[in-house]
Amino acid sequence: MDPHRPLAEASALAPARYVEPDTYAFELDRVVATGWQVVAPAGLVSGPGDLIARAVGGRPVVILRDAEGALKGFHNVCAHRAGPLATCDRRGARRLQCGYHGWTYSLDGRLVKAPEMQAAEGFDPKQVGLRPIDVEEWAGLVFARAGDGPALAEVLDGIPGIVGETGLAGLVHHTARLYDVAANWKVYVDNYLEGYHLPFVHPGLTRLVEYAKYTTELGRWWSLQRSPVPADSGPYAAGEGLYFFVYPNTMLNFMPGRLQTNRVVPTGLDSCRIEFDFYYAPGAEGRAEADLAFTDRIQEEDRRICAHVQKGLGSGAYAPGRLSPEREAGVWHWQNLLREAYAARGPADVTR
Ligand code: FES
Ligand SMILES: [Fe+2]
C-alpha cells in the first residue's frame with residue numbers, strides 16, 4: 001500500500017508487522033530505541049547523584065543528575081565486559097560502579113578506577129568511558145532516546161502551545177503503575193489512537209467524555225485526541241481531555257487537574273508493558289483514588305481487547321481492513337510514520 005495514501009482510501013497496517021520477528025527487531029532498534037520517550041518524573045533525578053535505571057528499545061540505560069546539576073544519560077553497559085552500572089534507582093550516588101568486576105566511573109561517564117589492570121599493555125583508562133545517550137527534561141518529565149533523530153523540541157513542537165501554562169503548572173507526581181498487555185506494542189498504540197472503540201470496549205468512559213465531540217488533530221510527530229469532559233462528576237472536574245500520542249511510544253493524557261503519562265515498552269513480539277505515571281495539580285489530589293480505580297478498569301478493558309486483536313492478527317485470516325476517516329485519523333497518521341521507518345529497510349517494505 002502507498003504509505004501516503006489519503007485517509008479516505010487508507011487501510012490498516014499489514015498483519016505480518018505484528019507477528020514477524022525481524023520486523024520486531026527492526027522496530028526495537030530503529031523506531032523505539034531512537035525515538036524520544038518519557039522515562040520518568042524529573043523528581044526521581046532531582047539531586048546530584050540521583051539515578052534511574054531503565055531500558056530504551058530494550059537497551060539498558062542509566063540516567064542521572066551529575067554533580068553540577070546537569071541531566072546525563074549513558075548506556076548502562078560497562079566498557080570492560082558489558083556489566084551493569086546500575087540495576088535499580090538510587091539517590092545521591094557519588095560514582096557509578098560496575099556490579100561485575102568493580103570498574104568505577106565518574107558521574108560524567110569517565111572511567112576513574114579499574115582494579116588489577118596495571119599489566120594490561122596499552123590500556124589507558126582515560127580513553128575508556130560510558131557511551132552517552134540523549135536525555136532532556138520537559139515540563140517536569142525526563143525524556144530519553146538512544147540514537148539519532150530530530151530534537152525533542154521539534155518532536156514536541158506545537159504541544160506546549162496547546163497545553164498552555166495551566167496544563168502543567170505545579171503538577172506533582174503521585175503514583176506509578178505498570179500494566180502488562182499480551183499483544184504486540186503496536187496493537188496497544190493503535191488502540192490508543194482512536195475513540196472508535198469507546199462505545200463497545202469502554203461504556204463507562206463513553207458516558208464520561210462526549211463521544212460525539214471527539215476530535216483528532218495531527219502534528220508532524222504527534223497526534224491529539226480531544227474531548228469535552230462535561231460534568232463535574234466521576235474522577236474528573238469539568239473541562240477538556242487532551243490525549244497526545246508522541247511517536248513512537250509516549251502518551252500524555254491531560255484531564256482537568258491531572259496529567260497521566262504512558263510509555264509503551266515492547267517486551268516481546270506479542271507482549272508489552274505500559275508504564276503509567278500520575279500527576280495532579282495542587283488541590284486535585286483528592287480525585288486520585290477514583291482516577292486510579294477508573295484507570296485500572298479502562299486498562300483491563302483495553303488489555304482484553306488488545307489480546308484478542310493480537311490473536312486475530314496472527315490468525316492468518318486477516319487482511320488489512322479499511323480505516324474510518326471519521327474516527328481513525330490518528331491510527332492512519334502513526335501507521336504512516338511507521339511506514340516511513342520501514343521504508344528505510346528497502347523498497348519492498350514500503351508497500352505494507
Ligand atoms: S564488566 Fe564491568 S567491571 Fe567487568
Ligand atoms: Fe481503550
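We did not get these values from a lab; they are worked out from the coordinates using the rules stated. Everything numeric in this text was worked out from a predicted model, so none of it was measured. With ideal geometry, Cβ positions are generated from the backbone for all residues, glycine too; neighbour counts draw on all protein chains shown.
Summary table below
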{"quantity": "Segment 37-138, relative contact order [Cα under 8 Å, separation at least 6], %", "calculated": "24 percent"}
{"quantity": "Residue among Asn253, Leu242, Ala70 farthest towards the positive dipole end of the chain, charges placed on Cβ", "calculated": "Ala70"}
{"quantity": "Equivalent ellipsoid, segment 167-277 (semi-axes from 5 times Cα gyration tensor eigenvalues, Å)", "calculated": "23, 17, 14"}
{"quantity": "Mean-position separation - Cα centroids, segment 1-66 and segment 264-335, in angstrom", "calculated": "15 Å"}
{"quantity": "Partnerless cysteines, meaning none of the other Cys C-beta atoms lie under 4.7 Å away, in the chain", "calculated": "Cys88, Cys272, Cys306"}
{"quantity": "Under the Karplus curve 6.51 cos²θ - 1.76 cosθ + 1.60, θ = phi - 60°, whole-Hz ³J(HN,Hα) for segment 30-41, x wherever Gly or Pro sits", "calculated": "10, 10, 6, 4, 8, x, 4, 8, 6, 10, 5, x"}
{"quantity": "Calculated from backbone phi, Karplus (6.51, -1.76, 1.60) coupling profile of segment 258-270 in Hz, x at Gly/Pro", "calculated": "9, 10, 10, 9, 10, 10, 8, 10, x, 10, x, 4, 10"}
{"quantity": "Selection from Leu292, Pro282, Trp334 lying farthest towards where the dipole of segment 223-352 points positive, charges on Cβ", "calculated": "Trp334"}
{"quantity": "Estimated translational D of the chain in µm²/s (Stokes, Kirkwood radius over Cα pairs; 37 °C; 0.692 mPa s)", "calculated": "152 µm²/s"}
{"quantity": "Cβ-based charge dipole, the chain, positive-most Cα from Gly219, Ala12, Gly49", "calculated": "Gly49"}
{"quantity": "Neighbour-count ranking [beta-carbon atoms within 10 angstrom, fewest first] of Ile133, Ile305", "calculated": "Ile305, Ile133"}
{"quantity": "Scattering profile of segment 235-352 at q = 0.17, 0.23 Å⁻¹ [log10 I(q)/I(0), Debye over alpha-carbon scatterers]", "calculated": "-1.09, -1.51"}
{"quantity": "From phi via Karplus (6.51, -1.76, 1.60), per-residue ³J(HN,Hα) for segment 296-304 in Hz, x at Gly/Pro", "calculated": "4, 5, 4, 5, 4, 5, 5, 4, 5"}
{"quantity": "Overall Cα dimensions of segment 14-118, principal axis frame, Å, largest first", "calculated": "52, 36, 18"}
